[in-house]
Structure formats: structure tokens, C-alpha cells
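Okay, structure first, notes after.
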Amino acid sequence: MKKSSFTAMVMGIVSCIFFALGMCMAMIEEWNAFRPGIVVGCVGLIFALLTVIVWRKMEHKAPIKVTGKAILTAVAGIIGALVLGVGMCFCMVWGNMIPGIAIGLVGIVMLLCLIPLCKGLK
């Protein structure tokens, strides 16, 4: 395993732990830690961004260029994941199976649309 891959793996695990712990702190009402949970979750997100920067630097890759396509891809991924999550909430939390399945399928289709958006059609 290359040193850059190992470093990225360790940093990624640490960032995921911070993010997951922060979201648990924010979402579990019995913990009464909403604000600290948001802070810890944001620390995890910042650490994830640092992981990408450090890995690209160690691999001697050019910095990421922010283009319209990159922004559109990120927004489409975020919206697709949120729609899929709302569909899951409809099914699992609120007990509305039929609308939940329909909304979840829309989210899955939106996420599947990312493949041709990223790779292109030939």
C-alpha cells in the first residue's frame, strides 16, 4: 500500500468518525447535544476536505478546478441523496410506505443520472 493511500484511509476514517458522532449527537434527542453535534459534524466535514487536499498533494495531482460541471454534479448528488433519504424517512419513520417508495425511487434515479453526468455517453 502506498503511503498516500494509507494516509488518505486513516484521515478518511477519522473524518467519518467525527461526522458520524456529530450527527448522532445532533439527532438523538436524549443526548441534548444538538449544537455541539453540529460543531463536531462540521469538524468531520472539514477534515474530509483536508483529506482530499492532502491526498492530491501526496499524489502530485493538480488542484481540483471548480467548473460549472463540477458544481452541477455535486448539487445533483446532494439533491439525489436527500430525496432518497426523505423516501426512507417516509417508509421507516412516518409509516407511509407507498409515497416513501415512490420518493425513494426518484432519489435512486437521480443518483443513477450521476453516472452519465460524470462519465459521459459514448
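The numbers here are math on the coordinates, done by the rules we state, and not lab data. Every value quoted in this text rests on a predicted model; they were computed, and no experiment measured them. Glycine also receives a Cβ, built like all others from the backbone with ideal geometry; neighbour counts cover every protein chain displayed.
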Quiz item: Across the chain, how many lysine pairs, 8 or more apart or on two chains, come within less than 27 Å at their alpha-carbon atoms?
Solution: 17
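In percent, what relative contact order does the chain have, based on Cα pairs under 8 Å that are 6 or more apart in sequence? Kindly include the intermediate steps, with their values, before the conclusion.
On the way: 126 pairs, mean separation 22.8, N = 122.
Computed over the chain, the figure is 19 percent.
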Quiz item: What is the Å³ per residue value for the convex hull set by the Cα atoms of the chain?
Solution: 153
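Based on DSSP H runs of at least 4 residues, each adding -39500 (n - 2.57), what is the mean residue ellipticity at 222 nm of the chain after dividing by all its residues, to the nearest 500 deg cm²/dmol? Walk me through the numbers before you get to the answer.
Details: 5 runs with 97 residues, N = 122.
After summing the helix terms and dividing by residue count, I get -27000 deg cm²/dmol.
Once the piece of chain linking LEU50 and MET88 is laid out straight, how much longer is it, given 0.36 nm per residue of separation minus the C-alpha distance between them? Walk me through the numbers before you get to the answer.
Values: separation 38, 0.36 × 38 = 13.68 nm, distance 3.06 nm.
Working it through step by step, the gained length comes to 10.6 nm.
Run through segment 11-66 and list the trypsin sites (Lys or Arg not before Pro) located in a DSSP loop whose Cβ has at most 14 other Cβ atoms within 10 Å.
On the way: sites: ARG56, LYS57, LYS61, LYS65; in loops: LYS61, LYS65.
Filter output for segment 11-66: LYS61, LYS65.
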Practice problem: Please state the charge dipole magnitude for the chain, taken about the Cα centre, from unit charges on C-beta atoms (+1 on K and R, -1 on D and E), reported in debye and rounded to the nearest 20. | Solution: 820
